[in-house]
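What follows is a short report on a single structure.
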Amino acid sequence: MIIYIHGFGSHGYGGKASAFRDYFKNKGKPFIAPSLSYVPELAMQTLEELIGSYHEEIKLIGSSLGGYYTLYLAQKYQLKAVLINPAIRPYITLKRALGDAPNFYDGSHFEWKETHLEMLKTYETGYLSKERNFMLMLQKGDDVLDYKEAIAKLPKAKQITEDGGSHSFDGIEHYFEKIEHFLE
């Protein structure tokens, strides 16, 4: 089972999630992209229950804040994972989102609080015992996160780093086969 973990304010039907869903469906591989709560503890509870409910091998793909959650879960459960422009210290980078934050699914809003940042700190990973379980996908044109933080955190991970691009990782569909092969 491949679980895709979306980023801050996003949802399980975002552009990348939908593209991955279509790709893996066409390949006949089990895939889910749950829409998670913006509250970190609730999002993590959902993800851990999902991981515990499947009796097959779990693999993770996480983007942005979802990459941070993925890093934690992959380390905890010794899972293979792909991190797409991952947040490495979201308890710092998401300070700029404090207050009224957008939900990109329906245009509604939620209140992002200091307590949410504190929750994120509890999922910080220290030393990573199996960096080779990770594939980093980074675009230097990411205007939200500094790609160098991910490289510093996972220097031994398989890396795909491109000039240009964006936080969304432009052209991700060109890497679907490489991602699938890595996760096998």
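At a glance:
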| item | result |
| --- | --- |
| Residue within segment 153-174 that is farther than 16 Å from S64 by Cα and part of a helix (DSSP H, G or I) present | yes |
| Test: residue in segment 165-183 that is farther than 13 Å from N85 by Cβ, at pLDDT below 95 and surrounded by fewer than 15 Cβ atoms within 10 Å (Cβ to Cβ) | no |
| Residue in segment 35-43 that is buried (at least 21 other Cβ atoms within 10 Å of the Cβ) and of a type in the set (A, V, I, L, M) present | yes |
| Which listed residue is under 27 Å from F182 (Cβ atoms), surrounded by fewer than 13 Cβ atoms within 10 Å (Cβ to Cβ) and touching a helix residue (DSSP H, G or I) at 6+ places or on another chain (Cβ under 9 Å), from Q78, Q139 | Q78 |
| Options Y23, Y38, Y4: the member that is at pLDDT 95 or above, in a strand (DSSP E or B) and among the hydroxyl-bearing types (S, T, Y) | Y4 |
| Flag for L83 being buried (at least 23 other Cβ atoms within 10 Å of the Cβ) and closer than 18 Å to Y175 by Cα | yes |
| Residues of segment 102-136 classified as touching a strand residue (DSSP E or B) at 6+ places or on another chain (Cβ under 7 Å) and buried (at least 18 other Cβ atoms within 10 Å of the Cβ), total | 5 |
| Pair list, Cβ < 7 Å and 6+ apart or interchain, from segment 94-109 residues that are more than 15 Å from G14 (Cβ to Cβ) to residues that are in a helix (DSSP H, G or I) and among the acidic types (D, E) | L98/E114 |
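The values are calculated or read from the model by the stated rules, or taken from the named source; none is laboratory data. Since the structure is predicted, the reported quantities are computational estimates derived from the model, not experimental observations. Ideal geometry is used to build each Cβ from the backbone, glycine not excepted, and the neighbour counts take in all protein chains shown.
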